[in-house]
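Everything below concerns the one structure shown next.
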Amino acid sequence: MSEKKNMKYTLAALIIIAVLLTSYLYISNSQTQPVQKLSCEKLGILEFPRDEGNHSMPEERWVIYLNLSSVDKNYYFMISWDISYMNGVKSYNVELMYSDITSKDIVLKHYKSLNGVNTSSNALNLSWDSSNGDIFSLIRENPQSMMKDAKYHLQIKTVEKDWSFSANLRIQYIRQPVLFGLDGSAYMGIFGTFYGYLGPSLSIGGQIDINGTRSSVTGRGMTQHIWGFTQSNRMEILYMQMKNVDLFISRFYEERGKDPVREYVYIIYPDNHTAFMTGNNRTIGASIGSWGINDLKGEKYTVRITDYFRNPKDGAGMLCYPDGWYVNSSYGRYKAIFYPMMPGSSPEQRSWEGFMVGEDKDGYGWGFAHIFRYYITHISIRNVNFSAQGSEVNVSANISSSLPLFHVWAEYNLSFPDGTWENGTYANMSWNGAYWVAEIPNLGAHKMTLRVIAEDEAYSMAYSEEKTYTLQ
């Protein structure tokens, strides 16, 4: 009897719960539902998708780099969306660079004072247009998802007299973003602080149309989103996508400084990344992954410019930009070189932006460089000294240059007592810590004509005055 009573009470309770639940669902469905807050993914000090949107900062930039292939061509694009405040006025600008590597053609377009419609501060939603119908749109399609699953829609349409372009592309993250600094912020001293993240290894597919030729394309890409930085005219940014690694380098210079005062280097693998941050003559290194952060104290890295090219648009022939880079990390034993695809092609006067080619142990890669700092090539040769001692001639000179010297030598001709000459001979000069020096055998000559020649890494050359010396 007791078991039957318990069963009746249980059934009655279930019926009451069912009635209450049905009533709740009916009432809740008959009323307006509150808007649900977007779920946020916290990475460092950044929250996604909120920090994909815009911020109230002096400057903000979203940049996407595309390497796209159709059946018969390979295309490279760089598109940047910029918000800036000048004299209290907010402006929206877009820059678009395109290269069809098969035809060696580069197109660079600036779109200024756009209408910043639908610019969101909650998720990535850049829908900007111009009065003549240009459209530049980059929108996050699934703001509820985690960043490693984020999907975007890129839509561009622009028609001009000499060029037309449209794009309709779907973009998806392959891995988590990489935060600037260790937490999403990077302190730059006198340059201010910038915030942001990198989006390496994007997967891309869709259609593009260039001057009426429509193509289905697939490819890879990378992106960056930075805000809050200042004095970008003293900055170099390089972003490379190699076969198995992404590289990002940012360097900041004082107005007349030769060496960077702040430098950030990222070597990005599929599941982790290495970060080196240098400032005030101090370097912090870290290996960052799902396990957390490992200190890389004692590890070293090198970033070195190996070559320069002179800007063909500079009538004086003195402005130049890097033409080669070398990166080496002791941690992971990673090495790479990279250089511009078409170094003399930038239409800018005092900056260089362009597509890059790279190489490491796994093969070739591609990338893009923003070089907002120009270099000057200038060599001065002074105080050439000559002394003959026994069978040798000692030559020394003071040489200063704004760029590293590539080669220094003494060019000389020897006159012998029988009236014969040995012409066009040279001796390499080396740096002894105070002067450039060379030792030349006189071979029994009684006169020597001599001049010193120096060449820097931009292949600029300087010559001392040619003088004649008596040996005996």
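The values are calculated or read from the model by the stated rules, or taken from the named source; none is laboratory data. Computed from a prediction, not measured in an experiment: that's the story for all the values here. Because the Cβ atoms are built from the backbone with ideal geometry, glycine has one as well, and the counts that use them run over all protein chains shown. Calculation scope for accessible area: heavy atoms of the full protein, side chains included, ligands and nucleic acids excluded. Shrake-Rupley method; radii C 1.70, N 1.55, O 1.52, S 1.80 Å.
Overview of values
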quantity: Pairs, first free of Cβ contacts under 8 Å to residues at least 12 places away in the same chain in the range 293-311, second of a type outside the set (Ser, Thr, Tyr) and surrounded by 14 or more Cβ atoms within 10 Å (Cβ to Cβ), C-beta under 9 Å, six or more apart; calculated: ASN294/ALA286; ASN294/ILE288; ASP295/ILE284; ASP295/GLY285; ASP295/ALA286; GLY298/GLY285
quantity: The lone exception for HIS55 - which of (1) surrounded by fewer than 17 Cβ atoms within 10 Å (Cβ to Cβ); (2) in a strand (DSSP E or B); (3) of a type outside the set (Lys, Arg); (4) touching a residue at least 40 places away in the same chain (Cβ under 8 Å) it fails; calculated: (2)
quantity: Odd one out for GLU263 among (1) charged (D, E, K, R); (2) open to solvent by less than 40 Å² (accessible area, probe 1.4 Å); (3) under 19 Å from ALA369 (Cα atoms); (4) more than 19 Å from the chain's Cα centre (by Cα); calculated: (4)
quantity: Qualifying residue in the range 88-96 (condition: modelled with pLDDT under 95, more than 24 Å from MET342 (Cβ to Cβ) and aromatic (Phe, Trp, Tyr)); calculated: yes
quantity: Those residues of the range 169-189 which are in contact (Cβ under 8 Å) with a residue 60 or more places away in the chain, farther than 13 Å from LYS148 by Cβ and not in a loop (DSSP other than H, G, I, E, B), in sequence order; calculated: LEU169, ILE171, LEU179, SER185, ALA186, TYR187, GLY189
quantity: Residue count for the range 421-431, restricted to those that are surrounded by 12 or more Cβ atoms within 10 Å (Cβ to Cβ) and either more than 46 Å from the chain's Cα centre (by Cα) or in a loop (DSSP other than H, G, I, E, B) (or both); calculated: 3
quantity: Members of the range 122-142 that are within 17 Å of VAL63 (Cα to Cα) and touching a helix residue (DSSP H, G or I) at 6+ places or on another chain (Cβ under 8 Å); calculated: ALA123, LEU124, ARG140
quantity: Test for GLY196: is it in a strand (DSSP E or B), out of contact with any Cys (no Cβ under 9 Å at 6 or more places or on another chain) and either open to solvent by 10 Å² or more (accessible area, probe 1.4 Å) or at negative phi (or both); calculated: no
quantity: Qualifying residue in the range 149-158 (condition: within 24 Å of TRP227 (Cβ to Cβ), of a type in the set (A, V, I, L, M) and at pLDDT below 95); calculated: yes
quantity: Members of the range 103-140 that are in a strand (DSSP E or B), aliphatic (A, V, I, L, M) and farther than 20 Å from TYR152 by Cα; calculated: ILE106, VAL107, LEU108
quantity: Residue in the range 236-248 that is touching a Ser or Thr at 6+ places or on another chain (Cβ under 6 Å) and either in a strand (DSSP E or B) or not charged (D, E, K, R) (or both) present; calculated: yes
quantity: Criterion (over 12 Å from LEU450 (Cβ atoms), over 32 Å from the mean Cα position of the chain (by Cα) and not aromatic (Phe, Trp, Tyr)) met by exactly one of PRO404, PRO417; calculated: PRO417
quantity: Breaking point among (1) among the hydrophobic types (A, V, I, L, M, F, W, C); (2) at pLDDT 90 or above; (3) open to solvent by 20 Å² or more (accessible area, probe 1.4 Å), for PHE372; calculated: (2)
quantity: Scope the range 281-331; condition within 20 Å of the chain's Cα centre (by Cα), open to solvent by less than 20 Å² (accessible area, probe 1.4 Å), polar (S, T, N, Q) and under 12 Å from ILE267 (Cβ atoms); matching residues; calculated: SER329
quantity: Residue check, GLN144 closer than 21 Å to ASN54 by Cα, crowded, with 20+ Cβ neighbours inside 10 Å and at pLDDT below 95; calculated: no
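For every residue, the table says whether it meets (1) modelled with pLDDT under 95; (2) of a type in the set (Ser, Thr, Tyr); (3) in contact with a strand residue (DSSP E or B) (Cβ under 6 Å, 6 or more places away or on another chain).
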residue: ARG220; (1), (2), (3): no, no, yes
residue: GLY228; (1), (2), (3): yes, no, yes
residue: LEU247; (1), (2), (3): no, no, yes
residue: ARG256; (1), (2), (3): yes, no, no
residue: PHE276; (1), (2), (3): no, no, yes
residue: ASN294; (1), (2), (3): yes, no, yes
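Let's see how each residue does on (1) in a loop (DSSP other than H, G, I, E, B); (2) open to solvent by less than 20 Å² (accessible area, probe 1.4 Å); (3) touching a Phe, Trp or Tyr at 6+ places or on another chain (Cβ under 6 Å):
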{"site": "HIS407", "(1), (2), (3)": "no, no, no"}
{"site": "PRO417", "(1), (2), (3)": "yes, no, no"}
{"site": "GLY433", "(1), (2), (3)": "yes, no, no"}
{"site": "ALA438", "(1), (2), (3)": "no, yes, no"}
{"site": "GLY444", "(1), (2), (3)": "yes, no, no"}
{"site": "GLU465", "(1), (2), (3)": "yes, no, no"}
